[in-house]
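The values are calculated or read from the model by the stated rules, or taken from the named source; none is laboratory data. This structure is a prediction, so every number in the text was calculated from the model and none was measured. Cβ coordinates were reconstructed from backbone atoms using ideal geometry, including for glycine residues, and neighbour counts include every protein chain displayed. Side chains included, ligands, DNA and RNA excluded: accessible areas come from the protein's heavy atoms. Shrake-Rupley method; radii C 1.70, N 1.55, O 1.52, S 1.80 Å.
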Amino acid sequence: MTSTRPALRSPCIALAVVTLGALHVAAHAGEVEVLHWWTSGGEAKAAQALKGSLQAKGHVWKDFAVAGGGGDAAMTVLKSRVVSGNAPAAAQIKGPSLQDWAKEGVLASIDDVAKAEKWDTLLPPVVSDIMKYKGNYIAVPVNVHRVNWLWANPEVFKKAGAKVPGSWDEFFSAADAIKKAGLTAVAHGGQPWQDLTTFEAVALGLGGTEFYKKALVQLDPASLKSPTMEKVLTTFKRIKDYTDKGASGRDWNLATAMVIKGEAGMQIMGDWAKGEFIAAGKVPGKDFVCVAAPGSAKAFTFNIDSFAMFKLKNEANVKAQKDLASAIMSPEFQETFSLNKGSIPVRMGVKMDKFDDCAKASSADFGATAKSGALVPSLAHGMAVASSAEGAIKDVVSQFWNSDKMSAKDAMDKLASAAKTK
Ligand code: GAL
């Protein structure tokens with residue numbers, strides 16, 4: 001009997017220690033509710049890395065995922081939550097919208113974290129400028145996505161006897177050959193943001209960076225109603241003939257899956273598509289190929305994911321927000337996240353040796369285009385103009401894509417007035 005006593009006692013002691021330990025953690029642990037739209041296979045894996053980095057600091061992750069590629073649905077939900085006084089602790093907000101939210105006075109400054117960790121020395125100015133409001137950091141950048149990519153299935157191209165295109169002429173020759181071979185040439189999801197993603201790729205590839213900047217960043221009326229824009233619109237519309245009947249409303253990752261399975265030859269999409277290929281166990285350069293969208297090899301449309309923190313009262317939660325910001329900028333997280341997401345690290349100096357050739361090309365091109373001036377913000381991904389104008393332009397582009405009646409001239413008039421939306 002006596003010999004069992006210590007054994008009986010020790011679980012009690014252990015329990016007491018565990019309880020005390022839990023109390024100790026609870027006193028410092030905070031909770032961060034995180035709004036994002038990363039729900040596809042590759043995106044979810046990347047989001048998991050984010051969750052893990054917060055939990056590693058002893059905090060609680062409250063998932064607030066709103067499905068819908070490109071984030072339009074998530075932004076609508078965010079607005080209603082903030083208006084009703086129930087903002088999440090952190091939300092994926094990007095580009096010029098950060099300034100709008102900051103002006104509303106609802107965002108918390110994370111400048112103390114940024115100063116302590118010297119973010120100004122770790123980020124290129126094109127990135128840090130977007131993350132600051134009145135000189136203070138109000139958001140933390142996660143990664144850099146390149147939007148002007150074309151993803152191809154080499155088996156499909158082989159079957160069709162086609163060559164992966166470098167120009168728009170080559171694109172249509174390849175598309176004809178794939179169509180003849182009885183497969184879908186272009187995997188597309190007919191949702192407004194995907195239409196706009198394709199449209200901006202055509203604008204960049206046909207018009208070049210100067211035209212892209214004037215028309216889609218500065219929203220210059222003359223460029224929006226120019227012969228170049230007319231050519232962009234007719235070329236964009238021509239692509240529709242090479243998509244399949246099921247395209248309307250399709251999610252982008254299902255379009256990527258068509259390329260993965262060899263049902264379709266190619267997709268024009270940002271490099272989050274690579275996250276899907278990787279999640280499906282596909283090998284870059286072998287099972288799939290990445291090339292710049294036709295005509296845009298020397299340019300780079302950038303899309304930087306970032307998180308803004310909303311003002312909170314609870315001290316432990318504020319601490320958790322700052323810990324999350326710090327974790328996002330750590331080299332380990334930057335590497336793991338982008339390996340899953342298909343992007344490249346936004347923090348300078350992160351080693352690229354674990355990355356594939358698509359990411360290595362993206363990284364080299366990001367630096368080169370920043371120097372040459374061919375680094376341009378993606379309109380379709382909230383980096384170029386205010387969200388009001390972006391939304392109106394997106395509507396016109398989708399109407400034009402879907403309508404049998406709208407001429408390119410009509411579309412140009414509508415684009416020019418959409419650009420004025422405040
Ligand atoms: C983009 C976002 C990416 C990617 C994509 C599809 O706007 O920046 O991270 O997830 O939408 O959902």
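Assorted remarks:
- Computed over the chain: relative contact order in percent, which uses C-alpha pairs under 8 Å that are six or more apart: 26
- Protein heavy-atom accessible surface, 1.4 Å probe, per residue over the range 113-222: 37 Å².
- Percent accessible area from carbon and sulfur atoms, the range 266-412, protein chains only, probe 1.4 Å: 53
- Relative contact order [Cα under 8 Å, 6+ residues apart], the range 172-281, whole percent: 42
- Extension gain, Ala280 back to Ala56 (0.36 nm per residue minus Cα-Cα distance, nm): 77.9 nm
- Taking all protein chains into account, the per residue accessible area for the range 242-355 stands at 38 Å² (1.4 Å probe).
- Seen through its C-alpha gyration tensor, with square-root eigenvalues sorted a ≥ b ≥ c, the range 66-109 comes out oblate because a/c lies at 1.5 or above while a/b is not bigger than b/c.
- Cα gyration tensor shape of the chain, rounded if a/c is under 1.5, else prolate or oblate by comparing a/b with b/c: prolate
- Whole-Å distance, taken between Cα centres, linking the range 138-161 and the range 207-267: 14
- Axis of helix 227-239 versus longest Cα principal axis of the chain: the two differ by about 70°, to the nearest ten degrees.
- Cα gyration tensor shape for the range 203-346, rounded if a/c is under 1.5, else prolate or oblate: oblate
- What the phi angles of the range 343-360 give under the Karplus curve with 6.51, -1.76 and 1.60, with θ = phi - 60°, is a coupling list of 8, 10, x, 8, 6, 6, x, 6, 5, 9, 5, 8, 8, 7, 5, 4, 5, 5 Hz, glycine and proline written as x.
- Taking 7 Å steps out from each Cα toward its Cβ at Ser173 and Ser417 produces label points 4.2 nm apart.
- Between Ile344, Ile268, Ile239, the Gaussian network model of the chain with springs among Cα atoms under 10 angstrom shows the greatest mean-square fluctuation at Ile239.
- Stretchable slack from Asn86 to Asp241, in nm (0.36 nm times residue separation minus alpha-carbon distance): 51.3 nm
- Whole-Hz ³J(HN,Hα) from phi, Karplus 6.51 cos²θ - 1.76 cosθ + 1.60, for the range 292-300, glycine and proline x: 4, 3, x, x, 10, 4, 9, 10, 8
- Under 5 Å, built H, 5+ apart or other chain: amide partners of Phe288: Val283
- Once both labels are positioned 7 Å from their Cα atoms along Cα-to-Cβ, the gap between Asp129 and Glu155 label points is 4.5 nm.
- Amide H contacts under 5 Å for Glu31: Val60, Asn317, restricted to partners 5 or more places along the chain or on a different chain, H placed in the peptide plane at 1.01 Å from N.
- Placed amide H near Gly190: partners under 5 Å, 5+ positions off or other chain: Ser248, Gly249, Arg250
- Residue list for the range 224-239, given a label point 7 angstrom along the Cα-to-Cβ vector of Lys405 and an amide N cut-off under 11 Å: none
- C-alpha long axis of helix 5-28 to longest principal axis of the chain, angle in °: 50
- Under the criterion of Cα pairs below 8 Å and six or more residues apart, the relative contact order for the range 284-422 equals 26 percent.
- Separation between Cα centres of the range 273-321 and the range 374-410, rounded to whole Å: 22
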